[in-house]
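Enquirer: Sharing a structure, written as C-alpha cells. Questions coming.
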Amino acid sequence: MRFDIIALDVDGTLLTDDHKLTARTIEAVQQAAVRGAEIVLCTGRGPSITIPLLEQMGLSGTVITHNGAATVDSARQEVVTQFSFGLEEIAPCLDYCRERGVHFDLNTAFDLYIEKHDAAADVMYREYGASPILLEQGAAYPPGLVKLCLFGSGDIMDTVENQWGQWSGGMQFIRSGDHFIDLMQKDVHKGKALEELARMRGVERSRIMAIGNYYNDVGMLRAAGLGIAMGNSPDGVKAEADAITLSNNEEGVRHALQTYLY
C-alpha cells in the first residue's frame, strides 16, 4: 500500500519507554522515506526536542509539535503555522496551579518557560532533553504562547482533569500522558494540523498513515486513511484505530510499516 504522508507520534510510539530509538525502527522509517513517504513527527513535544530525533533518523522536513499548536520546518527552523493564546485566557488555571503547587510550563513554538524548579519535573526535563528557561520573578512571558503543560503524578493529574476537564474558558484540556495535561486553543489538535499539512501537500486522506498511542493521538488517527494504535495504547485509543500494532517496546512502528508498506 502506498502512503504519501506517514505521521508518527514520538513518546510511547516511536520511542521505547526509556526514550530510545532502536536501530531497526530507524531502518524501517528510512525505508519508508526512500519509498517516497514524507515522515512527519507529530508530537506533544516542542521542536527543540523533536527535530533531533528526525535528524537521528537521517531525515528533515516538517514536524507537528505541541499537539498541533505549532507546525515547524525543521531545515529552516521556521514556524509554518501556529495557534497562540494570551495569558488572560489561562489565568484561572495558572492561579489554580500556583495555589496548589501543581508544576507547569508555558511554551512558545521553540522555548519552554518555568516559574520555579521542581525536583521531579527537573528529572523529567533531563530525560526528555528539554532545557527550560527560568522566568525571573516579575518578568513577563513572551508573546506567542502555544501550550500550557501541567506535570505531576498520575493521581494529581487525575484530580486536575476531574476538576478542570470541562472548563469552558475557550481553551481545551488534553491528557497527553499519565503525568501530563496540555492546554491549548480550542479545536487545536494533531489531526487538524495533519489535515492542514495534507491540504498544503495536495495529499488525500486515503494516502495518509498515522501511528500513535494516547488520547492526544486520536485526532490524527481519525484524520488518516489508516490510523494505527500501538499495542500499549489504552482501550479507548485502540477503539478509534483502524488497526493495532505491537507495543513501543516491541518496535510497533517498525512492525506496522513492514505490515502495511512492504
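Enquirer: Please find, within region 32-42, the residue that is nearest to residue 256 (Cα to Cα) out of those that are in contact (Cβ under 8 Å) with a residue 40 or more places away in the chain and buried (at least 18 other Cβ atoms within 10 Å of the Cβ).
Expert: 32
Enquirer: Sticking with this structure for a sec: Quick check: anything in region 142-164 among the hydroxyl-bearing types (Ser, Thr, Tyr), out of contact with any Pro (no Cβ under 7 Å at 6 or more places or on another chain) and either under 27 Å from residue 237 (Cα atoms) or in the same structural domain as residue 214 (by TED's automatic domain parsing) (or both)?
Expert: Checked region 142-164: at least one residue is among the hydroxyl-bearing types (Ser, Thr, Tyr), out of contact with any Pro (no Cβ under 7 Å at 6 or more places or on another chain) and either under 27 Å from residue 237 (Cα atoms) or in the same structural domain as residue 214 (by TED's automatic domain parsing) (or both).
Enquirer: Can you find even one residue in region 29-43 that is touching a Cys at 6+ places or on another chain (Cβ under 8 Å), assigned to a strand (DSSP E or B) and not hydroxyl-bearing (Ser, Thr, Tyr)?
Expert: The answer is no, given that none of the residues of region 29-43 is touching a Cys at 6+ places or on another chain (Cβ under 8 Å), assigned to a strand (DSSP E or B) and not hydroxyl-bearing (Ser, Thr, Tyr).
Enquirer: Continuing with the same structure: Exactly one condition in (1) at pLDDT 90 or above; (2) in contact with a Cys (Cβ under 7 Å, 6 or more places away or on another chain) is false for residue 164; which is it?
Expert: Failing condition for residue 164: (1).
Enquirer: Further question on the same structure: Give region 80-115 a look and list any residue that's among the small types (Gly, Ala, Ser), part of a loop (DSSP other than H, G, I, E, B) and either free of Cβ contacts under 8 Å to residues at least 24 places away in the same chain or in contact with a Leu (Cβ under 8 Å, 6 or more places away or on another chain) (or both), or say none.
Expert: Within region 80-115, 84, 86, 101 meet the criteria.
Enquirer: Can you spot a residue in region 190-202 that is under 15 Å from residue 11 (Cα atoms) and not small (Gly, Ala, Ser)?
Expert: yes
Enquirer: May I ask you to list the residues in region 201-214 that are in contact with a strand residue (DSSP E or B) (Cβ under 8 Å, 6 or more places away or on another chain) and surrounded by fewer than 24 Cβ atoms within 10 Å (Cβ to Cβ)?
Expert: 201, 203, 207
Enquirer: Here's something else I'd like to know. Would you confirm, using the coordinates I've provided, whether residue 88 is at pLDDT below 95 and not aliphatic (A, V, I, L, M)?
Expert: When the stated conditions are applied, residue 88 passes them.
The values are calculated or read from the model by the stated rules, or taken from the named source; none is laboratory data. Note that this is a predicted model, so its numbers are computed, not measured. Because the Cβ atoms are built from the backbone with ideal geometry, glycine has one as well, and the counts that use them run over all protein chains shown.
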